[in-house]
Protein chains: 2
Amino acid sequence: MCGTCNGDAAGAVPPAANSTTDNAAPSASTSNGVYPAQGKPASSPYQAVQDYISNVGRFKIIESTLREGEQFANAFFDIDTKIKIAKALDNFGVDYIELTSPVASQGSYDDCKAICQLGLKAKILTHVRCNMEDARKAVECGVDGVDLVIGTSSFLREYSHGKSMDMIKSTALEVIAYVKSKGIEVRFSSEDSFRSNLVDILHLYQACDKAGVDRVGVADTVGGATPRMVYDLIRTLRGCVGCDIETHFHDDTGCAVANAHSALEAGATHVDTSVLGIGERNGITPLSGALMARMVVTAPDYVKSKYNLKSLKSLETLVADAVQVNIPFNNPVTGFCAGIHAKAILANPSTYEIIDPHDFGMTRYVSINSRITGWNAVKARIEQLGLGSEFSDDQIKEVYGPPLFSAVFHCTGDIDTMRRTAKIKQMADIRPLAIDDTDSIIRSYHLHLQT
Amino acid sequence: MCGTCNGDAAGAVPPAANSTTDNAAPSASTSNGVYPAQGKPASSPYQAVQDYISNVGRFKIIESTLREGEQFANAFFDIDTKIKIAKALDNFGVDYIELTSPVASQGSYDDCKAICQLGLKAKILTHVRCNMEDARKAVECGVDGVDLVIGTSSFLREYSHGKSMDMIKSTALEVIAYVKSKGIEVRFSSEDSFRSNLVDILHLYQACDKAGVDRVGVADTVGGATPRMVYDLIRTLRGCVGCDIETHFHDDTGCAVANAHSALEAGATHVDTSVLGIGERNGITPLSGALMARMVVTAPDYVKSKYNLKSLKSLETLVADAVQVNIPFNNPVTGFCAGIHAKAILANPSTYEIIDPHDFGMTRYVSINSRITGWNAVKARIEQLGLGSEFSDDQIKEVYGPPLFSAVFHCTGDIDTMRRTAKIKQMADIRPLAIDDTDSIIRSYHLHLQT
């Protein structure tokens, strides 16, 4: 385990195998998988090591709001909405946009064609069942690539389509050859990969790899995998195929972001996402907030240079409105959230924050209305109100309130004065204070000082 | 790696080191860390292996809604609310309830005393700074245990309290000895453990372990750790101390649930949670939904026998109301969510679901209003409406709509009939359908059949 920090790992990063894009992805370089210290180097020996096989600093996003997301219970995207979302995703900088199968309905077919004609920078994919009819329809729409999917777990073999692995393989090879003959990208993915037979999967993927598939896909369709299971499977697969590896994680057990990160560490190259994670059941790895928060900590240089993080909040709002949901209060970065630890934060925010809200176009909000917030937060608010030069520290402590059982702070004044002035802390013990309440206590004390 | 499934691991599980409770926790036994197949054995060789050091099948919960949760920006709990929440947590079956430091304010002091006198089954802890004054106040309240915390990262040493590691250690040993002399539990935790110096932390924890501390605590205070970092640190620590290991994960990068799981795999014994994850910034590992969803998949027998899962939704609602937030739409298990995959789900829900909603007192909802839902979902709805015996499969397919480009389904009737009757699919292409819309199409077709 490497205990040194911030070495330049650029030379150690192998090129993505069989990469299908022209972009030379920047490496994590100076960050080297370590989460950033915002002004100070990290001192922990527990920095993530940039393993040779790791792609955490050069992953690609296959954005599936317009495919997986369209399967969300509350989703109905008309063509105007689809185009707005596709343009916003393109502006954010996703590598691929995946669309619902054109076989699903006439509307899906028309919309797929229309989006292909927008001339976006992102490549357009569509996600179809692995058969010739579906593949032909997909090609007909003018997509840049076709994502083939078939269920391979014993569950799906029995209940969904009943095909044997040999039939799956021969169909897959036929369809892959057809799509390749059209000069566009092709991916082959199993469904429910973590409950499929390992030997079957490796056998099938090796055959597809030899047939020249661009990516093989691993999907945790039921959302039950853990990061260690993911690392093991992807690491094994990385040793068996030379093509790119795409991953798709459902969030039924709350591990979709961590699983995506583990997959990249193990050598996967592509992550499927949707905005706010919308998709079947409770969805998949969320592009917004969660995955970007994770990756900007792991690989800040790559993420900040490649993706337009400042547009994330408006992208989320667009999609949330379209499917009529609220952005979860606890969404990383963009959710309604603030904290205390005010004393340390105000001296140096990086003490308790590893993500700089400004990177995402957000401002930092320090709540001062809780009874467990220290006087330092009150001081900061007084400064925000432009009254900083008119309060001494001791006076600020009087406004905030006396320490009840601790001798940490020294208070001036007699007991009566302390009782009279310690309004913020006393009031917060009785009822919630709005920001206005606190301000009015500060202003009233300021008036008292002047008279 | 073990490829066999469902072996009885009961005999292989070591007892929790220095366990401080009388409960003999059931092991994961027949589940063996494999996620459950609901009616069929799992066939994947990627089952999680129940390592000798793993505690995924006998973890304990330290529930911190009334401490960490009270630091949430929107939290203000009066004593009545605190008592309601404490009783609901106790009813759910958490092992410990952690309260805000009695030093924080007179209200916190009084509330701590009051909750200690409720006579709950759960043990009551309070979380205080590692100094004698705070510890005395804690003991005075009548708690079952004291959780000591001190910042140890270089960031916190510089900006928060400025103490050297030697001072931290000698204070820690003094306070631990004091709390132990009172016959109650004591935990010592660092803050920001993943950015602290490894040697410092191990040195400090070993000294605390020798002094007879019940638990040492590892905290990802800034929420930047990954599952592999967590596994490495906890695995190392497990080899250095004999006491229990408590873990605390913030969710800034969306990994708090996965990190808790990885920590248990590496030998941690206790997980800190809060309801809906409320806490500083966007909070910590959520008890509700996420962690329970993860653990019921990993260790179904243990989780279902120990925790009252059916009370989870009402517990969430209680806390969500108290802090005035909405339960996130994508919350595992309890969030608003439904999926398609209707064909497979209706044959056997376990094909696409690894969590049985009934375990949580929830009902399964299959949406049939999306254009990409198959005719099988329409069939299920027709059966729910009590009309199952009056529709043939071909008629149901007519109601649903003809396949546009696929020959999977055989439709009777000429093109005109198909156009006339395929209302659900056609309408869903034009505007979102409410459940009433679909029902009315079904009923109208049924009327047409009868006349």
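Laid out as a table, the results:
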| item | result |
| --- | --- |
| Residues satisfying the stated conditions in segment B:87-138, i.e. surrounded by 20 or more Cβ atoms within 10 Å (Cβ to Cβ), more than 11 Å from chain A (Cβ to nearest Cβ) and over 28 Å from the mean Cα position of the chain (by Cα) | B:130, B:135 |
| Filter result for residue A:273 (at pLDDT 95 or above, in contact with a strand residue (DSSP E or B) (Cβ under 7 Å, 6 or more places away or on another chain), in the same structural domain as residue A:130 (by the TED database) and not aromatic (Phe, Trp, Tyr)) | yes |
| Filter result (without any contact (Cβ under 8 Å) to a residue 12 or more places away in the chain and more than 20 Å from residue A:128 (Cβ to Cβ)) within segment A:77-111 | A:78, A:80 |
| Search result, residues across segment A:280-299 that are at negative phi, modelled with pLDDT under 95 and not in a helix (DSSP H, G or I) | A:280, A:282, A:299 |
| In segment A:260-279, the residues that are assigned to a loop (DSSP other than H, G, I, E, B) and touching a Phe, Trp or Tyr at 6+ places or on another chain (Cβ under 6 Å) | A:266, A:278, A:279 |
| Selection from segment B:302-311 of residues that are surrounded by 17 or more Cβ atoms within 10 Å (Cβ to Cβ) and in contact with a Gly (Cβ under 8 Å, 6 or more places away or on another chain) | B:302, B:306, B:307, B:309, B:311 |
| Matching residues, segment A:60-83, being in a helix (DSSP H, G or I) and at pLDDT below 90 | A:71 |
| Every residue from segment A:97-128 that is closer than 26 Å to residue A:204 by Cβ and either touching a Ser or Thr at 6+ places or on another chain (Cβ under 7 Å) or among the aromatic types (Phe, Trp, Tyr) (or both) | A:98, A:99, A:100, A:101, A:102, A:103, A:126, A:127, A:128 |
| Segment A:270-299, subset more than 17 Å from residue A:96 (Cβ to Cβ) and of a type in the set (S, T, N, Q), residue surrounded by the most Cβ atoms within 10 Å (Cβ to Cβ) | A:282 |
| Residue B:229 being modelled with pLDDT under 90, surrounded by fewer than 23 Cβ atoms within 10 Å (Cβ to Cβ) and assigned to a helix (DSSP H, G or I) | no |
| Number of the exception - residue A:335 against (1) assigned to a loop (DSSP other than H, G, I, E, B); (2) modelled with pLDDT of 90 or more; (3) small (Gly, Ala, Ser) | (2) |
| Residue match in segment A:209-225 (condition: modelled with pLDDT of 95 or more and more than 24 Å from residue A:58 (Cα to Cα)) | yes |
| Lone unmet requirement of (1) out of contact with any Phe, Trp or Tyr (no Cβ under 8 Å at 6 or more places or on another chain); (2) modelled with pLDDT under 50 for residue B:53 | (2) |
| Neighbours by Cβ (under 7 Å, 6+ apart or cross-chain): first from segment B:296-315, closer than 20 Å to residue B:56 by Cβ; second buried (at least 21 other Cβ atoms within 10 Å of the Cβ) and among the charged types (D, E, K, R) | B:302/B:58 |
| Selection from segment B:222-280 of residues that are away from chain A (no Cβ under 11 Å) and among the β-branched types (Val, Ile, Thr) | B:241, B:245, B:247, B:269, B:271, B:273, B:275 |
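The values are calculated or read from the model by the stated rules, or taken from the named source; none is laboratory data. No experiment lies behind these values; they were computed from the predicted model shown. Note that each Cβ is placed from the backbone with ideal geometry, even for glycine, and that neighbours are counted across all protein chains shown.
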